[in-house]
Structure formats: C-alpha cells, structure tokens
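Undergrad: Next up is a structure, given as structure tokens.
The values are calculated or read from the model by the stated rules, or taken from the named source; none is laboratory data. Quantities reported herein were computed from a predicted structural model and do not represent experimental measurements. Using ideal geometry, Cβ is built from the backbone for each residue, glycine included, and neighbour counts are taken over all protein chains shown. Just the protein is used for accessible areas: all its heavy atoms, side chains included, with ligands, DNA and RNA removed. Shrake-Rupley method; radii C 1.70, N 1.55, O 1.52, S 1.80 Å.
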Amino acid sequence: MFEDKTLTCRECGAEFVFTASEQQFYADKGFQNEPGRCPSCRAARRQANGQNRGDRPMFDVVCDNCGRPTQVPFQPRGDRPVYCRECFDAQRQSRY
C-alpha cells in the first residue's frame, strides 16, 4: 500500500527517504502531512526546543514520609503529600 518516497528537507535542503513503514506509522497516528524536515533536522529541532524551556524551578520541601529535605519540580499546594525520590518510588511500587 505504501511505497518509499524521497522528500526534500525544508531546513537544510537535503533529500531523505520517507519509508513505507514511517508512512504507515503516520497514517496510524492520523497525521495528514508528510514530514518537512529530514531526521537529523527533526532531532536538532527537538533538542533545541527542549533546551529553550530553561531550567525548571525547584521547590524545597520536606518529605511527608521520611522527613528528609528534598526538592520537587512543582509548587506543593498542601492538599496532597509530597515525597522524596526514594519514598515516591516506594509508594509507586506498592501500588502496582
């Protein structure tokens, strides 16, 4: 049903192959447009977008389970317990 296509990257102008399996993946996900960038330009763009977010603010808290000071990447509201990494992992393991 799908055949490999050769496309041109809109970033660097290089030709790249849009494989039949990639086309199937795009169809399965409901994507309607073909990729406009080659895999290396897509990877570079993802990398750059991740770095543009900046550092996440960390908040100092005390673990509600063991009492150790720790940091979390969200502002605690006080209505739910906050755990250090070790206690959080233990809580998650006990659930499943």
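Undergrad: Condition test on F31, is it open to solvent by 60 Å² or more (accessible area, probe 1.4 Å), among the aromatic types (F, W, Y), within 20 Å of the chain's Cα centre (by Cα) and farther than 30 Å from E3 by Cα?
TA: So F31 fails the test.
Undergrad: Scan region 11-21 and tell me whether some residue there is part of a loop (DSSP other than H, G, I, E, B), charged (D, E, K, R), at pLDDT below 95 and within 25 Å of the chain's Cα centre (by Cα).
TA: yes
Undergrad: Is one or more of the residues making up region 40-52 of a type in the set (A, V, I, L, M), out of contact with any Asp or Glu (no Cβ under 6 Å at 6 or more places or on another chain), part of a helix (DSSP H, G or I) and open to solvent by 50 Å² or more (accessible area, probe 1.4 Å)?
TA: Checked against the condition, which is being of a type in the set (A, V, I, L, M), out of contact with any Asp or Glu (no Cβ under 6 Å at 6 or more places or on another chain), part of a helix (DSSP H, G or I) and open to solvent by 50 Å² or more (accessible area, probe 1.4 Å), region 40-52 yields at least one hit.
Undergrad: Hey, another quick one. If you check every pair at least six apart or on different chains, which have Cβ atoms under 7 Å apart with a residue in region 16-30 that is over 16 Å from R42 (Cβ atoms) first and a residue that is open to solvent by 70 Å² or more (accessible area, probe 1.4 Å) second?
TA: What qualifies is A20/E3; A20/D4.
Undergrad: From C66, C84, grab the single residue that is farther than 30 Å from T19 by Cβ, modelled with pLDDT of 95 or more and either open to solvent by 80 Å² or more (accessible area, probe 1.4 Å) or not hydroxyl-bearing (S, T, Y) (or both).
TA: Being farther than 30 Å from T19 by Cβ, modelled with pLDDT of 95 or more and either open to solvent by 80 Å² or more (accessible area, probe 1.4 Å) or not hydroxyl-bearing (S, T, Y) (or both) holds for just one of C66, C84, which is C66.
Undergrad: On to the next question. Quick check on my filter: what residues within region 5-28 are of a type in the set (D, E, K, R) and open to solvent by 100 Å² or more (accessible area, probe 1.4 Å)?
TA: Within region 5-28, R10, E11, E15, D28 qualify.
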